[in-house]
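**Q** There's a structure below that I have some questions on.
The values are calculated or read from the model by the stated rules, or taken from the named source; none is laboratory data. The shown structure was predicted, so the numbers you read here are calculated from the model rather than taken from an experiment. Here Cβ is always computed from backbone atoms with ideal geometry, including for glycine, and neighbour counts include all displayed protein chains. Surface areas here come from the heavy atoms of the whole protein model, side chains and all, with no ligands, DNA or RNA. Shrake-Rupley method; radii C 1.70, N 1.55, O 1.52, S 1.80 Å.
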Protein chains: 2
Amino acid sequence: MSQPQTQFRSRCSIARTLDVLGDKWTLLVVRDLMWHGKHTFQELQASEEHIAANLLSERLKRLMALGLVAREAYQDRPVRYRYALTDEGRSLEVLLLQIMGWGHAHLGGGLFDPQTGRTVAEASLGGPQ
Amino acid sequence: MSQPQTQFRSRCSIARTLDVLGDKWTLLVVRDLMWHGKHTFQELQASEEHIAANLLSERLKRLMALGLVAREAYQDRPVRYRYALTDEGRSLEVLLLQIMGWGHAHLGGGLFDPQTGRTVAEASLGGPQ
DNA sequence: ATAGTCACTTTAATTTTGAAAGTGAGTCGC
DNA sequence: GCGACTCACTTTCAAAATTAAAGTGACTAT
């Protein structure tokens, strides 16, 4: 039981990161925990993109298994949890900023400023030029 | 036919980037085009991670539709193509470097130096600590 | 008691993926 | 000319992931 449980496709760091974060939802959950003050299951589920409950549940489990997210009960009877990034989870911020920058420059998405908590540039309506 | 053909889930730049690049294979194709001198269908298919031919075909189409990759025939009868990143495609290098850095630090993957074309740090065998 | 909240889990249809085999246009060896 | 081979895909089909919706269990509020 003390063996590493995660098997990777290859030794490549990019492939390993994609094994773990390479889907359409995981980083959006991280984004909401990181910048948008969403910490309960309900808040995370209510984001703009509307992740399905089963996927959110599964993604939170994965992120917890990876040590990127931790939860604590904020209430007993019934138990309710608050999810938060760990220090390791917070290390994803640079990655998120880079992805946001690229999406802004190339796909016309909005630009959020974590310092002020405000959207600095509006998204364009269409897709890429 | 001049309408933007890509529909995004939301205005968020991160969500848009994930709409387009958020899967387990696309960025590996970009990696191979960017750094590993793989430019034919066959070379791309033969990478360490063994992408299936149908997925490679579909991913190349998507990357071309996005203007990140272009191909040119390097031979007629039969026509054979060489795929290469466009300038816009090359703009993904910083992203790739960031992802590699994170995967190295947190998942024990290898570190590749694009300047020298060499692996600077070996991957560890197991998963994350 | 009845309705509502929250954090999920279950179910079932649809979509995506993955592995393998197949296709078409040609080249090579003999 | 014939069979074997290469390359760049496409097709097929089973398995896995996603989606939307409904259901569950433990409570709280009226």
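**Q** Does B:Arg9 fit the bill of being within 24 Å of A:Gln98 (Cβ to Cβ), modelled with pLDDT of 95 or more and not aromatic (Phe, Trp, Tyr)?
**A** Answer is no for this residue.
**Q** Report whether or not B:Val79 is at pLDDT 95 or above, within 16 Å of DNA strand D (Cβ to nearest atom) and assigned by TED's automatic domain parsing to the domain that holds B:Trp35.
**A** no
**Q** Among (1) within 30 Å of B:Thr119 (Cα to Cα); (2) within 10 Å of DNA strand C (Cβ to nearest atom), where does A:Val20 come up short?
**A** Failed condition: (2).
**Q** Quick one: B:Lys24 ticks every box in (1) under 19 Å from B:Gly110 (Cα atoms); (2) in contact with a His (Cβ under 9 Å, 6 or more places away or on another chain) bar one, so which box is it?
**A** It is condition (2) that B:Lys24 fails.
**Q** So, one more: For the condition open to solvent by less than 70 Å² (accessible area, probe 1.4 Å), away from DNA strand D (no atom under 15 Å from the Cβ) and under 22 Å from B:Arg16 (Cα atoms), what is the one hit in A:Leu68, A:Leu107, A:Leu44?
**A** Just one listed residue meets the conditions, A:Leu107.
**Q** Scanning segment A:16-39 for residues that are crowded, with 19+ Cβ neighbours inside 10 Å and among the acidic types (Asp, Glu), which turns out farthest from B:Lys24 (Cα to Cα)?
**A** A:Asp32
**Q** Just one of the numbered conditions (1) assigned to a loop (DSSP other than H, G, I, E, B); (2) more than 12 Å from the chain's Cα centre (by Cα) is not true of B:Asp23; which one?
**A** (2)
**Q** Exactly one condition in (1) of a type in the set (Val, Ile, Thr); (2) more than 16 Å from DNA strand C (Cβ to nearest atom); (3) more than 17 Å from the chain's Cα centre (by Cα) is false for B:Val79; which is it?
**A** The number of the failed condition is (2).
**Q** Return the total of residues in segment A:40-56 being touching a helix residue (DSSP H, G or I) at 6+ places or on another chain (Cβ under 8 Å) and over 18 Å from A:Phe112 (Cβ atoms).
**A** 5
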